[in-house]
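One structure is given below, encoded as structure tokens.
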Amino acid sequence: MSNEIKTYKTNKSQIDYIAFLKDAFNLTRRKDFKKCDAKIEDLRKLSFKKDDALGMLTVELACVYNYIAQNDLKSTNKHINNFDDLYNKIRYRFHRETIFAQILQRFYNIKSAYFRNVQALDMAILYSNKALTIAKEINDTRFIINVTVSLSNLYHYERQFDKAINILKQAFEKLKDLPEFKGKNVLHYCLADNQSSLGLHIDANNNFNKAIYWAVRENNINNIIAIICGQALNCLHSEELYPEAKSILDKASILIQEKDYKATDEILIEYYKVWSMYHVKEKQYQNALDILSPYLSIVEIPQLQQRIQIFKLITEAYIGLGEQEKAFEYLQKYTEFQDQEYQNARSIYFKRQEIYLDSLQDKVDDSQKDLEKEIAHRQQLERDKEEILKLTDLTMNQKEALEQKSEDLERMNQQLEHFSRMVAHDLKEPLRTMHSFAQILEQGEKNNLQESSLEFLNYIVEGSDRMQKLISSILEYSKLGNKQLVFKDVDVNMLIESTLADLRNQIQRTNAKIEVKAVPPVKGVPAMIKLLFQNLISNALKFIPDDRTPHIKIGAEIIDGKISYYVSDNGIGIAEENIGKVFEVFTRLNKKSAYEGSGLGLASCHRIIELHNGGIWLESEPDKGTTFYFTFQS
């Protein structure tokens with residue numbers, strides 16, 4: 001599989017991934033592996049052609065389905081690793097998409113089945129729990145039921161009945177608002193089975209009854225008979241419920257004898273097995289043998305575990321009848337089957353170890369390649385070191401000159417800052433005088449002046465206000481980057497809260513709605529970052545149509561693997577042809593009479609981000625709003 005994918009796009013091929021996986025799964029169940037391979041290959045070509053990452057992920061999962069059904073554990077392991085590699089590359093881009101979660105939960109579920117096949121039940125339980133967590137997050141009812149049943153069976157096999165009961169009760173709690181849902185009978189059956197194994201026979205009997213009720217509602221006779229057999233088995237192990245066992249089995253007999261019903265071999269074996277257990281407990285040994293007589297040939301019993309149980313019952317029946325030779329004959333077969341089960345488990349264990357060693361060898365090979373690369377890299381570093389030593393003498397001379405230039409630059413910066421303050425003071429002083437006298441003249445001679453004269457005075461007052469703000473903005477802008485920057489760990493959440501407090505009057509005056517999501521910290525200059533947020537939020541409050549209430553969103557998200565902060569508004573927006581101009585000094589895109597400002601706010605934002613080695617950009621639509629994005633790489 002390719003180690004790199006150029007781009008990660010959403011589902012532009014319009015493929016229903018889940019429907020595809022269902023088709024692939026059904027083909028593997030029918031053992032139509034060639035057709036499944038062809039279907040997978042078609043999707044693989046289409047996905048690579050369109051750079052469709054989710055399609056590629058679906059291909060790897062379908063391959064896992066296909067190979068696990070063929071019991072090809074080595075190929076299964078290979079495609080599981082391929083899926084993991086691809087998942088780690090794309091998870092941050094697609095983690096919010098439901099389709100991604102649905103694919104991932106199916107992967108965890110099939111990965112659990114893979115580990116179950118190689119008897120690694122601890123890993124099977126781990127991945128079933130992961131699949132169940134995702135199913136609950138996206139409220140996938142069918143999958144919650146399927147994975148809960150699978151997980152409870154794993155706990156049951158490990159004899160952790162209390163954990164199985166707990167996981168089943170959690171499923172009922174999660175689905176309590178759904179009065180009816182398909183599979184409710186299976187959940188009740190699993191709960192009853194584990195309660196019975198734990199000795200809670202009365203509770204188990206109640207849940208068997210509920211399972212039968214829901215199976216009847218679904219009109220599933222196979223399930224009804226299987227549940228009745230389980231209920232009868234529970235009664236046989238309980239002194240209190242034992243008298244009910246026969247009447248319960250009679251119900252199963254009535255269903256099996258219905259003319260329109262044909263029971264499966266698995267159901268019949270379970271049914272006759274429970275009946276024979278009842279007869280053995282009642283010491284009706286001949287009746288037990290009569291029931292089991294169709295299954296005296298091992299050919300008729302498909303599963304090894306069933307063979308062991310049947311031949312154990314036959315052995316007990318012959319012992320009860322006193323036929324020691326027959327009892328010994330079937331005891332030998334019972335023992336042979338137990339040995340065979342042990343050998344099968346042992347074979348699976350060694351197969352698992354073989355796969356593990358192959359996987360380990362692959363990792364060793366990869367490590368060897370990495371080591372060779374590291375050795376080559378270190379050799380190159382040594383060669384570079386020799387070159388550096390040759391340049392050291394020249395560098396020492398340059399260092400003294402650089403230190404002298406640095407001192408000169410620091411001195412010039414101090415002089416420039418002093419000059420800026422002095423110029424700002426000298427410019428502001430006559431402006432304040434002009435502003436004050438204009439206000440005095442306006443207030444004192446208001447009744448004696450013509451309307452046009454008052455209007456001219458108002459122009460003078462407004463113009464002097466704007467000029468003072470412009471001078472202040474120029475002074476602030478000139479200070480940015482003049483001093484040595486001291487970067488600190490900045491709690492951006494507290495900084496945003498402080499900024500909003502400073503802008504409280506403007507927020508209240510405009511009735512603005514502010515949405516703030518928790519954002520990660522950053523390393524930077526706190527005062528500068530606060531000024532950045534203050535300028536962006538102030539602009540969002542300012543550039544808004546008169547008939548609209550400001551709605552501002554502040555937060556962060558992952559874009560191309562980096563944390564990007566954003567400030568979004570619903571204001572007047574920016575035309576596409578003006579987007580490239582907004583960060584230029586003294587740029588104003590609107591009339592002064594419509595929106596006040598100096599034209600330095602966004603230029604300051606750009607300078608601040610520049611000093612933090614980050615990036616700032618925007619997305620905008622006229623009359624709908626603007627979103628500013630920015631990153632820090634201090």
(Q) Can you tell me which condition Asn153 does not meet? The list is (1) of a type outside the set (Phe, Trp, Tyr); (2) open to solvent by 20 Å² or more (accessible area, probe 1.4 Å); (3) touching a residue at least 60 places away in the same chain (Cβ under 8 Å), and all the others hold. (A) (3)
Q: Considering (1) modelled with pLDDT of 90 or more; (2) under 18 Å from Asp569 (Cα atoms); (3) of a type in the set (S, T, N, Q), say which one Asn493 fails and leave the rest.
A: (2)
Q: Filter the stretch 26-47 for residues that are open to solvent by 30 Å² or more (accessible area, probe 1.4 Å) and in contact (Cβ under 8 Å) with a residue 24 or more places away in the chain and give the result.
A: Arg29, Lys31, Phe33, Asp37, Leu46
Q) Do we find that Glu218 is of a type in the set (Asp, Glu), loosely packed, with under 13 Cβ neighbours inside 10 Å and closer than 24 Å to Asn194 by Cα in this structure? A) no
Q: Output the qualifying pairs, or none if there are none: Cβ atoms under 6 angstrom, residues six or more apart or on different chains, first residue in the stretch 214-226 and more than 12 Å from His188 (Cβ to Cβ) and without any contact (Cβ under 8 Å) to a residue 60 or more places away in the chain, second residue surrounded by fewer than 16 Cβ atoms within 10 Å (Cβ to Cβ) and aromatic (Phe, Trp, Tyr).
A: Ile221/Tyr261
(Q) Being part of a loop (DSSP other than H, G, I, E, B) and of a type in the set (S, T, N, Q) is true for just one of Ser238, Ser253. Which residue is that? (A) Ser238
(Q) Testing Asn71 on (1) at positive phi; (2) in a helix (DSSP H, G or I), one condition comes back false. Which one is that? (A) (2)
Q: Given the conditions (1) part of a helix (DSSP H, G or I); (2) open to solvent by 20 Å² or more (accessible area, probe 1.4 Å); (3) more than 16 Å from Cys235 (Cα to Cα), report the number of the one that Lys176 does not fulfil.
A: (1)
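Working carefully through the options Asp193, Asp162, find the one that is part of a helix (DSSP H, G or I), acidic (Asp, Glu), buried (at least 17 other Cβ atoms within 10 Å of the Cβ) and touching a residue at least 12 places away in the same chain (Cβ under 8 Å).
Details: Asp162 fails: buried (at least 17 other Cβ atoms within 10 Å of the Cβ).
On inspection, the qualifying residue turns out to be Asp193.
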Q.
Take the residues in the stretch 514-534 that are part of a loop (DSSP other than H, G, I, E, B) and modelled with pLDDT of 90 or more; name whichever of them is surrounded by the most Cβ atoms within 10 Å (Cβ to Cβ).
A. Val519
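Report the residue count in the stretch 611-628 for those that are part of a loop (DSSP other than H, G, I, E, B), in contact (Cβ under 8 Å) with a residue 24 or more places away in the chain, at negative phi and open to solvent by 20 Å² or more (accessible area, probe 1.4 Å). Even if it seems obvious, please write down each step before you answer.
Keep residues of the stretch 611-628 that are part of a loop (DSSP other than H, G, I, E, B), which gives 612-614, 622-624.
So of that shortlist, the ones also in contact (Cβ under 8 Å) with a residue 24 or more places away in the chain come out as 612, 622-624.
Still in the running and at negative phi: 612, 622, 624.
Next, from what is left, pick out any that are open to solvent by 20 Å² or more (accessible area, probe 1.4 Å): 622, 624.
Summing the residues that are part of a loop (DSSP other than H, G, I, E, B), in contact (Cβ under 8 Å) with a residue 24 or more places away in the chain, at negative phi and open to solvent by 20 Å² or more (accessible area, probe 1.4 Å) in the stretch 611-628 gives 2.
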Q. Does at least one position in the stretch 228-247 carry a residue that is open to solvent by 50 Å² or more (accessible area, probe 1.4 Å) and of a type in the set (S, T, N, Q)?
A. yes
Q) In this structure, does Val585 turn out to be in a loop (DSSP other than H, G, I, E, B), surrounded by 13 or more Cβ atoms within 10 Å (Cβ to Cβ), of a type in the set (A, V, I, L, M) and modelled with pLDDT under 85? A) yes
Q: Sort through Gly183, Gly199 and tell me the only one that's at positive phi and crowded, with 18+ Cβ neighbours inside 10 Å.
A: Gly183
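Given the criteria buried (at least 16 other Cβ atoms within 10 Å of the Cβ) and within 38 Å of the chain's Cα centre (by Cα), does Ile212 qualify? Before you say what the answer is, go through the steps one by one.
Values: buried (at least 16 other Cβ atoms within 10 Å of the Cβ): yes; within 38 Å of the chain's Cα centre (by Cα): yes.
Against the criterion (buried (at least 16 other Cβ atoms within 10 Å of the Cβ) and within 38 Å of the chain's Cα centre (by Cα)), Ile212 qualifies.
Quick one: in the stretch 535-555, of everything that is part of a helix (DSSP H, G or I), surrounded by fewer than 20 Cβ atoms within 10 Å (Cβ to Cβ) and modelled with pLDDT under 90, which residue is nearest to the chain's Cα centre (by Cα)? Even if it seems obvious, please write down each step before you answer.
Initial filter on the stretch 535-555 (part of a helix (DSSP H, G or I)): 535-542.
Adding the requirement that they be surrounded by fewer than 20 Cβ atoms within 10 Å (Cβ to Cβ) leaves 538, 541-542.
Going one step further and asking which of them are modelled with pLDDT under 90, we end up with 538, 542.
Numbers: Ser538: 35, Lys542: 38 Å.
Looking at residues that are part of a helix (DSSP H, G or I), surrounded by fewer than 20 Cβ atoms within 10 Å (Cβ to Cβ) and modelled with pLDDT under 90, I get Ser538.
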Q. Just wondering, is there one or more residues in the stretch 135-150 that are free of Cβ contacts under 8 Å to residues at least 12 places away in the same chain and not in a helix (DSSP H, G or I)?
A. yes
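Can you pull out every residue in the stretch 114-150 that is among the small types (Gly, Ala, Ser) and open to solvent by 20 Å² or more (accessible area, probe 1.4 Å)? Give the steps one after another, and end with the answer.
Quick first cut of the stretch 114-150, residues among the small types (Gly, Ala, Ser) only: 120, 124, 128, 131, 135, 150.
Matches in the stretch 114-150: Ser150 only.
The values are calculated or read from the model by the stated rules, or taken from the named source; none is laboratory data. Please read all numbers here as calculations on a predicted model, not as lab measurements. Note that we place each Cβ from the backbone using ideal geometry, even for glycine, and neighbour counts take in every protein chain shown. The protein model used for the area step is the full one, side chains on, heavy atoms only, and it has no ligands, DNA or RNA in it. Shrake-Rupley method; radii C 1.70, N 1.55, O 1.52, S 1.80 Å.
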